[in-house]
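What follows is a single structure, written as structure tokens, with notes after it.
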Amino acid sequence: MTLPIESMNTLRERRNKIIHNISPEKLEKLHARGSLSARERVNALFVEGSFQELGMHAHHNAVSFGMAGRELPTDGVITGTGYVGSLQVAAFSQDFQVLAGTMGKMQARKIVRLMRHALRVGVPMVAFKDSGGARIQEGVDALSGYGDVFYYNVMLSGVVPQIAVIVGPCAGGAAYSPALMDFVIMTRHNAYMFLTGPEVIKAVTGHSATMDEVGSAEMHASVSGNVHFVAEDDQHAIALVKSLLSYLPSNNTEDPPHDLSMPIDEVADPGMIDLVPGDSSEPLDMQLVIRRLVDRGELLEVHANFARNVIIGFARISGAVVGVVANQPMVMAGALDMNAADKIARFVRMCNVFNIPLLTLVDVPGFLPGVEQERGGIIRHGAKMLHAFASCTVPKLTVILRKAYGGSYLAMCSQEMRADMVYAWPSAEIAVMGAEAAVKILYRKELEQATDRRAKAAELTKQYRDEFASPYAAASNFYITDVIDPADTRWMLALALRKTLGKRELRPAKKHGNMPL
């Protein structure tokens, strides 16, 4: 028995109407400003022909909230699964062309159904956010829908990677969903995200603010820290999603996509030594060090514009995926402040849940001193780093390049935080504080009595460095694994990484630690 031609025609017409719900004129305007339609975003993410839509015909009955005759194709969100390369991914894309992409109960049901699928199957979730917020006409149903989405954001957290892509408005309560996800990408020109916009701020506080001040990608990437990557347009945002996925496993039971067929060449890199300034007071550019250590010099830096005194990101060393954590002495001398501590702690925990080994590069003079830092809770923020590194069970390799003073030495994944290997360059200084400051405290009387205080200070400083702060002093007590030639760093890390990939570590039975927040 064959289906009637009329029913097949009806199916084609319905599908065609849903798929082509935007006029060519509107589509051209979107393209002119660097935006894609909701369906184009999905198609650009996935391998051609691999996308299978879930709930294409699901939509709320518009008549029930006083909108008779108003059609809501897909209820303003496209949901489904496809392949990014060989990796299966679940994705949804809110459609601003359908009632401004607002979320009601049906849109939430479609999104939650997809999230539950991602949870069961164990695949990453990508969310394109382009919505005017809650669907006012649905009242509390819309709020309930948001609550369901938030709940499943938390259920997926630490199980599968979640990536939010803000490509349009993301206002009010809607902003909490991306905040609960692992990574947030935001387009520079066409997107904004806030809880209360300029008009509300003006009405409530009397303060005039611009949209750029409260909701732009630049502000969130550099000031609030809510955004990890700024994309120039939709295509760039999708490229960033693909780059991120190339370093991540599908779920927390799998390893990241290492390429262990790549050989480890025991070849020295004498150029590494040239990166170390002759004067220890001169800053070392950690970006240059990282680029020499990792394969092809490629680092996918995360949070590049936020807390620039530290660097975090993904790379490979002889084919093995690593999460890189490093001080950046070019900014604030590499000192740790509240934002840097938060940035590192969150990244370390993300790497831990997705089985990504950590490489920590240390050149840190300490935690940033100051009244603002103390009153802002630097103790609490710094404790997040200690908690994150100590609770982390993935392979942890640490290299101390130069300064490692006081509590910051511990916070940057020392052996006491159970780093598996801790290497130090000959230029390393490991101590409670810098040699100059220590000499002023320990040898105050000798300095006061010296005829040439400057010469005496220099002599005592060198003595302190040699006897108490040198890497050999730390190595003699087995606080570090080895003192190594900077030129050998890359191949030694590659070898140590391969040897620790099979690490297994059991912890006391508990729900979770009580991390300081």
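Bear in mind these aren't lab numbers, they're just calculated from the coordinates by the rules spelled out. Because the structure is predicted, anything quoted here is derived from the model rather than measured. Glycine also receives a Cβ, built like all others from the backbone with ideal geometry; neighbour counts cover every protein chain displayed.
Give the order of Trp491, Trp425 when sorted by the count of other beta carbons within 10 angstrom, beginning with the fewest.
Details: Trp491 17, Trp425 20.
Least to most surrounded, the residues fall as Trp491, Trp425.
Between Ala203 and Gln463, 0.36 nm times their residue separation minus their Cα-Cα distance comes to what? Working shown, then result.
Numbers: separation 260, 0.36 × 260 = 93.60 nm, distance 6.39 nm.
Length gained between Ala203 and Gln463: 87.2 nm.
Going by C-beta contacts inside 10 Å, put His60, His220 in order with the fewest on the left. It would help to have the intermediate numbers written out before the result.
Numbers: His60 21, His220 26.
So the ranking, lowest neighbour count to highest, is His60, His220.
Mind running the shape call on region 325-429? Use the C-alpha gyration tensor, a ≥ b ≥ c as the square roots of the eigenvalues: rounded below 1.5 for a/c, prolate if a/b tops b/c, oblate otherwise. Each step should come with its number before you reach the end.
Values: a/c = 1.94, a/b = 1.17, b/c = 1.66.
It comes out oblate by the Cα gyration axes.
In the P(r) worked out for region 2-44, what percent of Cα pairs fall beyond 13 Å? List each step's numbers first, then the result.
Values: 573 of 903 pairs.
Percentage above 13 Å: 63.
Please state, rounded to one decimal and in Å, the Kirkwood hydrodynamic radius that region 59-158 gives when every pair of distinct Cα atoms enters the mean of 1/r. It would help to have the intermediate numbers written out before the result.
Values: mean 1/r = 0.0720 Å⁻¹.
Result for region 59-158 stands at 13.9 Å.
Please arrange Ser23, Ser280, Ser131 by counting, for each residue, the other beta carbons lying within 10 Å of its beta carbon, fewest first. Numbers along the way, then the final one.
Working: Ser23 10, Ser280 14, Ser131 26.
Sorted ascending by nearby Cβ count, the order is Ser23, Ser280, Ser131.
When the helices in the chain are scored as -39500 (n - 2.57) per DSSP H run of 4 or longer and the sum is shared across all residues, what 222 nm value do you end up with, to the nearest 500 deg cm²/dmol? Could you put the intermediate results ahead of the total?
On the way: 19 runs with 189 residues, N = 517.
One gets -10500 deg cm²/dmol as the mean residue ellipticity at 222 nm.
So what's the angle, to the nearest 10 degrees on a 0 to 90 scale, between helix 338-353 and the longest Cα principal axis of the chain?
The answer is roughly 70 degrees.
Give the Rg/Rh ratio for region 374-487, taking Rg as the radius of gyration of the Cα atoms and Rh as the Kirkwood radius, to two decimals.
Details: Rg = 16.6 Å, Rh = 15.6 Å.
With Rg and the Kirkwood Rh in hand, the quotient comes to 1.06.
By what distance, in whole Å, do the Cα atoms of region 205-326 stretch along each of the three principal axes, largest value first?
Largest to smallest, the principal-axis extents are 64, 45, 26 Å.
Can you list the lysines whose alpha carbon sits under 17 Å from that of Lys26, skipping same-chain ones fewer than 8 residues off?
Answer for Lys26, where 17 Å is the Cα cut-off: Lys17, listed by chain and number.
With no solvent and one equal point scatterer placed on each C-alpha of region 157-212, evaluate the Debye formula and give log10 I(q)/I(0) for q = 0.21, 0.26 Å⁻¹, two decimals.
-0.81, -1.02
Quick check: the distance between the Cα centres of region 206-229 and region 122-161, to the nearest angstrom?
If you average the Cα positions of each part, the centres end up 22 Å apart.
Using only Cα atoms and rounding to the nearest 10 degrees, what angle (0 to 90) does helix 140-156 make with the longest principal axis of the chain?
The answer is roughly 40 degrees.
In region 321-363, which residues have a backbone nitrogen under 12 Å from the label point lying 7 Å from Ala437's Cα in the Cα-to-Cβ direction?
Residues passing the 12 Å test: 335-336.
Taking 0.36 nm per residue of separation and subtracting the Cα-Cα distance, what length does fully extending Leu27 through Ala487 add?
On the way: separation 460, 0.36 × 460 = 165.60 nm, distance 5.42 nm.
Gain in length upon complete extension: 160.2 nm.
In degrees, nearest 10, range 0 to 90: what is the angle between the Cα axis of helix 5-19 and the longest Cα principal axis of the chain?
In the chain, helix 5-19 runs at an angle near 40 degrees to the longest axis.
Working from the pairwise distances between different alpha carbons, so that the mean of 1/r is found and then inverted, what is region 36-245's Kirkwood radius in Å? Before the final figure, lay out each step's value.
Working: mean 1/r = 0.0582 Å⁻¹.
In region 36-245 this quantity evaluates to 17.2 Å.
Identify the trypsin sites (Lys or Arg not before Pro) of region 418-473 meeting these criteria: DSSP loop state and at most 15 other C-beta atoms within 10 Å of the C-beta.
In loop regions of region 418-473 (DSSP not H, G, I, E or B), the sparsely surrounded trypsin sites (Lys or Arg not before Pro) are Arg418.
For the chain, give the share of DSSP beta bridges that are antiparallel, in percent and rounded to the nearest 5; count only bridges with both residues there. Show your work: numbers first, answer last.
Details: 21 of 62 bridges.
Expressed as a percentage, antiparallel bridges in the chain total about 35.
For q values of 0.06, 0.09, 0.11 Å⁻¹, compute log₁₀ I(q)/I(0) with the Debye formula on a Cα-only model of the chain, without solvent.
-0.35, -0.71, -0.98
Using a simple spin-label model with points 7 Å from Cα along the Cα→Cβ vector, what separation in nm is obtained for Ala450 and Asp148?
According to this spin-label approximation, the distance is 7.4 nm.
Step through the residues of region 182-191 one at a time and calculate ³J(HN,Hα) from phi using the Karplus curve (6.51 cos²θ - 1.76 cosθ + 1.60, θ = phi - 60°), rounding each to whole Hz and writing x for Gly and Pro.
These are the phi-based 3J(HN,Hα) values: 6, 9, 10, 10, 9, 6, 5, 9, 10, 10 Hz.
Using the Kirkwood formula over every pair of different C-alpha atoms, what hydrodynamic radius in Å results for region 89-206?
Computed over region 89-206, the radius equals 14.4 Å.
Extending each Cα 7 Å along its Cβ direction at Leu517 and Asn9, get the distance between those two points in nm, one decimal.
For the pair Leu517/Asn9, the computed spacing is 5.9 nm.
Calculate, for Glu213 and Gln287, the FRET efficiency according to 1/(1 + (r/R0)^6) with r their C-beta to C-beta distance and R0 30 Å; round to the nearest 0.05. Before the final figure, lay out each step's value.
Working: r = 29 Å, r/R0 = 0.98.
For Glu213 and Gln287, the calculated efficiency is 0.55.
Loop-only check: which GluC sites (Glu not before Pro) in region 6-51 are DSSP coil with at most 15 other Cβ within 10 angstrom? Don't skip to the end; give the middle numbers.
Working: sites: Glu6, Glu13, Glu25, Glu28, Glu40, Glu48; in loops: Glu48.
Within region 6-51, the qualifying GluC sites (Glu not before Pro) (loop, at most 15 other Cβ atoms within 10 Å) are Glu48.
Can you give the net charge of the other residues whose Cβ lies under 12 Å from the Cβ of Lys110, counting K and R as +1 and D and E as -1? Can you show the working numbers first?
Values: positive: Lys105, Arg109, Arg113, Arg116; negative: Glu53, Asp75, Asp95, Asp148.
Surrounding charge for Lys110 is 0.
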